[in-house]
Amino acid sequence: LKLPSEGRWAAGERLWLAMGQQLPSIVACCTVREDRAVKVGPEASTRQLWGPASAGGVPGYRSRCESMNVEFFECVETEDELHALHVPPMLHQHPGGVHHNQRRHSKGKAGLAECDMDMLSLLAGWPSGQPSFEESVPSLVERTRRHWQDIVEEEDMDDELAALIADGFPELDEWASEDVARRMLRAQNGDAQQAFALLVLAIELRVRDRQLLRNKVCEVNCDMRVIGFDLEQRPVIYMCAGTQEKPLMELRNQVVLAFEAAVNLTSVHGQAILLADMHGFSPSLNMDPYALKAVAEQLGTVYADRLFKIAIIDFSRLAQGAWWLVKPMLKQRTRDKINFLSRSEAQNFVQKQCDAQTAKRVSSAFLMNRDKKSTWEERLMLARRTSVSEVPLGMTRLIDEAG
């Protein structure tokens, strides 16, 4: 990455601070001018990471780097050094195989917006558009297993959890796996400590929900189910707040089973789309902070990185109170996936993103759930007949009544 010749230190500092907002992990330029310069030659490895302490000699820089968990990559100051680094030798380490990006950075001053982000990803060892945290996966799996083994041996858990684990602990084998570890690392942008905390809690929640997940039966208190698929075969979860009959805490099991049904319809790394229709939202049923935390905790751990997009439809002022309670519980990565849409915008979104049959089902749900004359039983019947899974509504559709 070539920086301007003037004010190189200031430019590099601005660059890594800005990159923290645009890339999945913070990377930094280690090259500075004069006696603090760090030159890199042809023999240097472009994959070598520089820890924060390696910045050296800059007052206050080490503590600032450590507080932001900055990772350092070798940099260059001239076109000759850029050629000398010779990117191809590290391509065999690239998780996605050979990357044939031949574009060059323009000479002279260049802002972050003008940088070739694919080249940055390549130099950092990431596939284009998707960060790779492969080196952290084995240690995360091993650490999680050891942690739970220590908990079991020391009996450091409540009676309910102890009784469930005494009957067996299949959740540990299923969830302390490399596939799940990768997903947790993606959800936490590579932060291994946060991914560890996420995975430990996810396993605990899976144990506590063991019977629910085995029986796949719950009390149905609203219209929430898998309604179809988008054009990339991602499951689409639809829920309508206007059909909610009981407080949010009593909806938790249905939320879990709806997401579980979606996950079971995709791959191990697959994602889903959530259509949250807020028409008829009842604040009195959804303002319990403990219930909001419980649902957010479930979705943010067990189903971390499982949502591709979230469309919140007909978001009224009445729903804003619940949003401000939930918002602090969501990571920025999740917030960036949320789109607030009107009903007409949502219909256009579904028509463009989903297959024709799914679009018809969503349209029929919009109509039924906005018909003041429709009864709860009629809405539930339509929901069951336009669902692609018998979970969580408890009935496989006999005919598709969409449209």
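In this structure, residue 315 qualifies as in a loop (DSSP other than H, G, I, E, B) and without any contact (Cβ under 8 Å) to a residue 40 or more places away in the chain. If you go through region 349-386 and keep only what is among the acidic types (Asp, Glu), more than 18 Å from residue 281 (Cα to Cα) and not in a helix (DSSP H, G or I), you end up with just 355.
Cβ separations smaller than 7 Å between residues 6+ apart or across chains give the following pairs from region 121-144 residues that are modelled with pLDDT of 50 or more to residues that are loosely packed, with under 14 Cβ neighbours inside 10 Å: 132/95; 134/95; 137/178; 141/178. Condition check for residue 195 on (1) crowded, with 19+ Cβ neighbours inside 10 Å; (2) under 24 Å from the mean Cα position of the chain (by Cα); (3) under 16 Å from residue 259 (Cβ atoms): one failure, at (3). The condition of being modelled with pLDDT under 95 and over 18 Å from the mean Cα position of the chain (by Cα) holds for residue 245.
A single member of 173, 150, 156 is exposed (fewer than 11 other Cβ atoms within 10 Å of the Cβ) and either among the hydroxyl-bearing types (Ser, Thr, Tyr) or outside any helix (DSSP H, G or I) (or both), and it is 156. Look at residue 226 and say whether it is touching a Ser or Thr at 6+ places or on another chain (Cβ under 6 Å) and either surrounded by fewer than 21 Cβ atoms within 10 Å (Cβ to Cβ) or hydrophobic (A, V, I, L, M, F, W, C) (or both). Taking the combined requirement at face value, the residue satisfies it. Taken together, the residues in region 206-220 that are without any contact (Cβ under 8 Å) to a residue 40 or more places away in the chain and not in a helix (DSSP H, G or I) amount to 1.
Restricting region 294-330 to residues that are among the basic types (Lys, Arg) and exposed (fewer than 14 other Cβ atoms within 10 Å of the Cβ) leaves a set whose member that is modelled with the highest pLDDT is 327. Against the criterion of being touching a residue at least 12 places away in the same chain (Cβ under 8 Å) and not hydrophobic (A, V, I, L, M, F, W, C), residue 155 does not qualify.
The values are calculated or read from the model by the stated rules, or taken from the named source; none is laboratory data. Note that the structure is predicted; figures quoted are calculated from it, not measured. Here Cβ is always computed from backbone atoms with ideal geometry, including for glycine, and neighbour counts include all displayed protein chains.
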